[in-house]
Amino acid sequence: MKNVLDTLYERGFVKQTVYEEDLRKLLGSESVAFYVGFDPTADSLHIGHYIPIMAMAHLQRAGHKPIALIGGGTAMVGDPSGRTDMRSMLTEETVERNCEAFRSQLKRFIRFDGENAALMLNNADWLMGLNYVGFLREVGTAFSVNKMLTAECYKARMEKGLSFLEFNYMLMQAYDFYMLHEKYGVKLQVGGNDQWSNMLAGADLIRRKCGDDAYAMTFSLLETSDGRKMGKTAKGALWLDANKTSPYEFFQFFRNVEDQKVEECLKLLTFVELDEISELCKYKDERINDAKIRLAYEVTALVHGEQEAKKAMEQAKGAFGGGGEMPTARLCIDPSVPVTDIMVMVSAAASKSEARRLIEGGGVKINELKVGNVNSTLSEFTTEKEFVLHKGKKTHIKIIIE
C-alpha cells in the first residue's frame, strides 16, 4: 500500500518535517497516534484550518489515529505566533462553547467512532491544574532561553514587547506534546508552518524526558499567486460556519479562485483523485471553469453537505446565465474611483445617473457589502485586486484591477 507520506507530498501538503525517512517507516509499519492543535478563540473554524483538517482525514484514512487538541488552556495565555500585539484572553465559558462548535465541524472530515477513531481533547485538563514550581522543575530545565529567543514565533513580538505570559507559550505547547505522548502514545504533531518552532520544542522535550522518538510535520499555507493568505473576503475570514459565511458565498469564493490556483486547491482541499484533477486542469482557456465549478462543489459539499452544495451550484447557475460562469471585466483604475464610475465602465449602468438611482434603491453591492452612498469609492469596500460587483439579483460581474 502507498505510504500516506507519499500521498501528502503528491497533493502538496508537506512544508517541513524532521527525520523524514524514520517517519516514513513509522507511518508504513503501524497505526500512529498524531495530533493537531486548534486555538479556540472563535466559535467557528475557518479556511486557515482547512489544510490541517484535510491532512488529518488523509492520515486517518490510511489507518492512523487523529487527536484534535483544543487549546482551552493555552488560549488563556495566547499564542504569539504571527502576532505583533498581545491576544485578548478568553473566559472558560467562551472556550467551552467554541470547543463544541469545532467538534461539530470536524465531524464532517474525520470519524469519532469505529477503528482508529479520532479523539477531541482539551489541554486545559492538564494545564489548568499545574503546580508552577513543579512545572518549572519538570519542563523549564529542558529549555534554553537563548535558543527560544531565536524562534520565529517570538521575533515579531519582540519589537513591541513580549510578555512573560506569552513567553511561556512554547513551554506549554511542548508540554502538550509530552502529555499526549505519555497518555495516548502520540508520536507526531502536524499543523500550520507558523507552529514549526513550537512543534520542534515538543519533539525535543519528549526525547529529553522519555528518550523516545517524536516527529513534527508542517503544511503549506493556502496563498494567492502574489503570496497573500487565501481566504479573506469583504466580511473578513472565510468561515466554515454557515451563519458566518453562507454556503452560497463559500461556493462562490472557490468558483472564482485564480486560474493558476485551481489545481493546487483541488489537490489540497478535496479528495478528487489526482489523475482526475490533471484531466480537469489540463486546459488553460475558458474550459478551466469546469474545474472551478468542480472545486467549488466538492469543497462546499465537504463543509456544508451535498444538499447545500447542490443548492449553491443551482443558485450560481441561475445568477450567471445557466452556466455558472461569472462575467469578468478588467479595469485600470485607482481605488479612489467612485462606484458609479465603475458601474458605467462595466455596463452595469448606462449612465452615472442610473448608477446613482440603483445605489439609492439598495440594489448594488461590492462583494457582500451594500453600497449605500452614491458618492462612495471602491476603497471603502475592498483593497483587493479582484472583487465582484452585484446589481440586483441577476447581474454579477467579477472585476480584475490591472
query = What tally of residues in the stretch 171-191 results from selecting those that are touching a residue at least 40 places away in the same chain (Cβ under 8 Å) and assigned to a helix (DSSP H, G or I)?
reply = 8
inquiry  = Residues to consider are Thr7, Thr17; find the one that is modelled with pLDDT of 95 or more, within 18 Å of Leu221 (Cβ to Cβ) and crowded, with 16+ Cβ neighbours inside 10 Å.
reply    = Thr17
note = Of the conditions (1) at pLDDT below 90; (2) over 22 Å from Ser225 (Cβ atoms); (3) not charged (D, E, K, R), the single one that Ser336 does not satisfy is (1)
inquiry  = With the structure loaded, tell me whether Ala42 is in contact with a Phe, Trp or Tyr (Cβ under 7 Å, 6 or more places away or on another chain) and over 22 Å from Cys265 (Cβ atoms) or whether it fails that test.
reply    = no
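Give the residues of the stretch 282-293 that are charged (D, E, K, R), surrounded by fewer than 20 Cβ atoms within 10 Å (Cβ to Cβ) and in a helix (DSSP H, G or I), sorted by residue number.
Asp290
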task = Test Val272 against the criterion of being of a type in the set (A, V, I, L, M), surrounded by fewer than 20 Cβ atoms within 10 Å (Cβ to Cβ) and within 21 Å of the chain's Cα centre (by Cα), and give yes or no.
result = yes
ask   = Which residue pairs have Cβ atoms under 7 Å apart, sit 6 or more places apart or on different chains, and have a first residue in the stretch 355-370 that is on the phi > 0 side of the Ramachandran plot and a second that is of a type in the set (A, V, I, L, M, F, W, C) and buried (at least 17 other Cβ atoms within 10 Å of the Cβ)?
value = Asn367/Phe381; Asn367/Phe387; Asn367/Val388
key: Residue ranges of strands (runs of 3 or more DSSP E) in the stretch 349-402 with at least 3 members closer than 19 Å to Ala316 by Cβ and in contact with a Leu (Cβ under 9 Å, 6 or more places away or on another chain)   = 395-401
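Every residue, every condition in (1) at pLDDT below 90; (2) of a type in the set (S, T, N, Q); (3) in contact with a Ser or Thr (Cβ under 7 Å, 6 or more places away or on another chain); (4) assigned to a loop (DSSP other than H, G, I, E, B), yes or no:
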site	(1), (2), (3), (4)
Ala201	no, no, no, no
Leu205	no, no, no, no
Asp212	no, no, no, yes
Gly227	yes, no, no, yes
Asp241	no, no, yes, yes
Lys244	yes, no, yes, yes
Lys261	no, no, yes, no
Cys265	no, no, no, no
Leu268	no, no, no, no
inquiry  = Can you pull out every residue in the stretch 296-314 that is in a helix (DSSP H, G or I) and surrounded by fewer than 17 Cβ atoms within 10 Å (Cβ to Cβ)?
reply    = Glu306, Gln307, Lys310, Lys311, Glu314
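The values are calculated or read from the model by the stated rules, or taken from the named source; none is laboratory data. Since we're looking at a predicted model, the values are computed, not measured. Counting neighbours? That spans all protein chains shown, and the Cβs are built from the backbone with ideal geometry, glycine included.
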